[in-house]
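K.L.:
Here it is, the structure, as structure tokens.
A short reminder: the numbers here are calculations on the coordinates, not readings from a lab. This one's a predicted model, so the numbers in the text were calculated from it and none came from an experiment. Every residue, glycine as well, gets a Cβ built from its backbone with ideal geometry; the counts of neighbours run over all protein chains shown.
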Amino acid sequence: MIRIFPIGRLRLGWAQTACADYERRLRRFGGVEILEIPDSRPEGEAKALRRSLRGSPVVACDLRGEPWSSEAFARFLGEHGSPSFLLGGPEGLDPSVLSDADHRCSFGPVTLPHELARVVLLEQIYRGCTILRGHPYHR
């Protein structure tokens, strides 16, 4: 199962609605598990993340990461069936978390609000799953 570790809760209604929609869509592909980490200082968030991560490849979503195309994202999902994705809060991810991650991916050179980043991540996971299954969502 794909796991997502976002820092902080979704507070905005539009983001809650969009995330719930993608979570519902992903159920047919095995689903995702979202384990929210309380928003605090980056050092405290890093400790909480380390306690929660286990065994799967860890992908830190980071502005300075490697930009992945949707096809590359799908290939990654196909090769690593159950990765864990880390999404920083308003202050980003602690540098120690970034250096410990197996991979760092970027959604482009712009800074996204953390709630929008969660929607984008869920959409890309869904898109990747549809690419792997030959579903017409991705054209």
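K.L.:
Counting DSSP beta bridges with both partners in the chain, what percentage is antiparallel, nearest 5?
P.N.:
5
K.L.:
Express in nm, to one decimal, how much length is gained between Ser106 and Arg9 on full extension, taking 0.36 nm for each residue of separation and deducting their alpha carbon distance.
P.N.:
32.8 nm
K.L.:
Which stretch or stretches of segment 73-114 have amide N atoms under 20 Å from the point lying 7 Å from Arg50's Cα along the Cα→Cβ direction?
P.N.:
Only 84-89, 91-104 fall inside the zone, counting backbone N under 20 Å.
K.L.:
Can you run phi through the Karplus equation (6.51, -1.76, 1.60; θ = phi - 60°) for segment 105-113 and list ³J(HN,Hα) in whole Hz, with x for Gly and Pro?
P.N.:
Here the 3J(HN,Hα) series is 10, 10, 9, x, x, 9, 8, 9, x Hz.
K.L.:
Using the Karplus curve 6.51 cos²θ - 1.76 cosθ + 1.60 with θ = phi - 60°, what ³J(HN,Hα) values do you get for each residue of segment 90-98, in whole Hz, with x for Gly and Pro?
P.N.:
With the stated coefficients, segment 90-98 comes to x, 9, x, 8, 4, x, 5, 5, 4 Hz.
K.L.:
If you don't mind, there's one more thing I want to ask. Please list, in order along segment 116-126, the HN-Hα scalar couplings obtained from phi with the Karplus expression 6.51 cos²θ - 1.76 cosθ + 1.60 (θ = phi - 60°), rounded to whole Hz, x for Gly and Pro.
P.N.:
3J(HN,Hα) across segment 116-126, in whole Hz: 5, 4, 5, 4, 4, 4, 4, 5, 5, 5, 4.
K.L.:
Per-residue ellipticity at 222 nm for the chain, helices alone: DSSP H runs ≥ 4 residues times -39500 (n - 2.57), over residue total, nearest 500 deg cm²/dmol?
P.N.:
Computed ellipticity for the chain at 222 nm equals -13500 deg cm²/dmol.
K.L.:
Amide H of Gly8 versus every other amide H placed in the peptide plane: which residues, excluding those fewer than 5 positions away on the same chain, fall under 5 Å?
P.N.:
The answer is Ile37, Asp39.
K.L.:
If Lys and Arg each add +1 and Asp and Glu each add -1, what is the summed charge of the other residues whose beta carbon sits under 9 Å from the beta carbon of Leu93?
P.N.:
Spelling it out: positives minus negatives among the neighbours equals -4.
K.L.:
Using Cα pairs under 8 angstrom and six or more residues apart, how large is the relative contact order of the chain, in percent?
P.N.:
Reported as a whole number, the value is 33 percent.
K.L.:
A follow-up question, please. Using Cα atoms only, what is the angle between the long axis of helix 70-79 and the major principal axis of the chain, expressed in degrees (0 to 90) to the nearest 10?
P.N.:
Helix 70-79 sits roughly 80 degrees off the main axis of the chain.
K.L.:
A follow-up question, please. Taking the Cβ of Pro83 as the center, what net charge do the other residues with Cβ under 14 Å away carry, scoring Lys and Arg +1 and Asp and Glu -1?
P.N.:
+1
K.L.:
While we're on this one: Amide H to amide H, which residues 5 or more places from Arg104 or on other chains are under 5 Å from it, using H placed in the peptide plane?
P.N.:
Distant-sequence amide H within range of Arg104: Ala60, Glu66.
K.L.:
While we're looking at this one, here's another question. Local charge sum around Gly31 (other residues, Cβ-Cβ under 12 Å, Lys/Arg +1, Asp/Glu -1)?
P.N.:
With Lys, Arg at +1 and Asp, Glu at -1, the neighbours total +3.
K.L.:
So, one more: Given points 7 Å out from each Cα along the Cα-Cβ axis, report the Leu63 to Leu35 separation in nanometres with one decimal.
P.N.:
Result for the modelled spin labels: 2.8 nm.
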